[in-house]
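Everything below concerns the one structure shown next.
The values are calculated or read from the model by the stated rules, or taken from the named source; none is laboratory data. This structure is a prediction, so every number in the text was calculated from the model and none was measured. A quick note on method: Cβ atoms are made from the backbone with ideal geometry, for glycine too, and the neighbour counts reach across all protein chains shown. Heavy atoms of the whole protein, side chains included, go into the accessibility calculation; ligands, DNA and RNA do not. Shrake-Rupley method; radii C 1.70, N 1.55, O 1.52, S 1.80 Å.
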Amino acid sequence: MKLIADCGSTKIDWCVIDGEKVVKQVFTCGMNALLLTEEEMAQRIASELYPEVKDYELTEVWFYGAGCLAPEVCDNVRRAIGASIKAARIEVNTDLLAAARALFGNNAGIACILGTGSNSCYYDGNEIVDNVSPLGYILGDEGSGAVLGKLLVGDVLKKQLPDALCEKFLRQFNLDRMTIIKRVYKEPLANRFLASVTPFLIENIEEPAVHRLVLNAFKSFFVRNVANYEGYKSMPVNFVGSIAYYYRDVLGEAASAVDCTIGTILKSPMEGLVKYHSN
């Protein structure tokens, strides 16, 4: 049996599979391998995951997580898992490779993530061969939840949206100018706060100003990321992530504007990962 993990900062989705069948799915607290020590990760896995999977004979573990970029970070995660789970093979890779494998399997294409953050790569059907650095929500992350939220609160505070819409937003989220500034500049995890207000955009997407904000953000993602891959107009461009999933219509408009063809859009990579690792 194999254990697959899709790890984010908020939660980890673990699936035990036997062939193509999912025999157990477990959700545990998320962890960022860049911020936690090997001992801290090992303790979490031992207390939250191991009791749920200890009765399964696991031969392989495939762990995909944000921040799993440097070899030393991957080694820390591998040892943390191995402290509890004695599988013969434990592989640790980035969430971007998870997206690529989930979206394309063994085929080539441009894989994109649009969630709280954003990322993209050219995947040759085996490995990632090119990646435009996402740069985070301050310098990049175009089209992400964090950036959409940043644009939204900025337009609200600078009165770039109709007055009624600005008032509706502040009332709906119980916010005012100083609270927003405090949440963004003084409190931790500003990117999560900004992403948390994006449901307002999809709820009001028929408003011309809101539609324009979202469309321009997605166009920026294509221009500043996807268009940097050679031959992007002739390759399938697939997406994973909640933002891509819920805003798929506007995302399609942005793709058409830059002559891109969108194929698959998945809310989560797990379904595709199960299919990939069952083969």
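Looking only at the stretch 102-112, decide whether some residue is of a type outside the set (K, R), over 16 Å from P236 (Cα atoms) and in contact (Cβ under 8 Å) with a residue 24 or more places away in the chain. Looking for residues that are of a type outside the set (K, R), over 16 Å from P236 (Cα atoms) and in contact (Cβ under 8 Å) with a residue 24 or more places away in the chain, one finds none in the stretch 102-112, hence no.
Quick grid of which residues meet (1) more than 21 Å from F27 (Cα to Cα); (2) touching a strand residue (DSSP E or B) at 6+ places or on another chain (Cβ under 9 Å); (3) of a type in the set (G, A, S):
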| position | (1), (2), (3) |
| --- | --- |
| E52 | no, yes, no |
| G67 | no, yes, yes |
| A70 | yes, no, yes |
| V73 | yes, yes, no |
| I90 | no, yes, no |
| F104 | yes, yes, no |
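In this structure, Y137 does not satisfy being open to solvent by less than 70 Å² (accessible area, probe 1.4 Å) and modelled with pLDDT of 95 or more.
The set of residues in the stretch 179-214 that are touching a helix residue (DSSP H, G or I) at 6+ places or on another chain (Cβ under 6 Å), hydrophobic (A, V, I, L, M, F, W, C) and closer than 19 Å to L139 by Cα comprises V184, A190, F193, L194, A195, L213, V214.
Scanning the stretch 264-279 for residues that are in contact with a strand residue (DSSP E or B) (Cβ under 8 Å, 6 or more places away or on another chain), open to solvent by less than 50 Å² (accessible area, probe 1.4 Å) and in contact (Cβ under 8 Å) with a residue 40 or more places away in the chain yields a total of 9.
Residue check: is K168 farther than 18 Å from S118 by Cβ, open to solvent by 50 Å² or more (accessible area, probe 1.4 Å), in a helix (DSSP H, G or I) and at pLDDT 95 or above? Yes. Within the stretch 69-88, residues that are polar (S, T, N, Q) sit with their Cβ atoms under 8 Å from residues that are in a helix (DSSP H, G or I), at 6+ positions apart or across chains, in these pairs: N76/E38; N76/M41; S84/A42; S84/I45; S84/A46; S84/L49; S84/Y50. Cβ-Cβ distances below 8 Å connect the following pairs, each with a first residue in the stretch 17-42 that is over 25 Å from L69 (Cβ atoms), a second residue that is part of a loop (DSSP other than H, G, I, E, B), and a separation of six or more residues or different chains: I17/M1; D18/M1; V23/M1; V23/Y56; K24/Y56. Go through the stretch 45-68 and report how many residues are open to solvent by 60 Å² or more (accessible area, probe 1.4 Å) and either in contact (Cβ under 8 Å) with a residue 24 or more places away in the chain or in contact with a Leu (Cβ under 7 Å, 6 or more places away or on another chain) (or both). Of the residues in that region, 5 qualify. Selection over the stretch 171-181 of residues that are in a helix (DSSP H, G or I) and touching a residue at least 24 places away in the same chain (Cβ under 8 Å) gives a count of 2.
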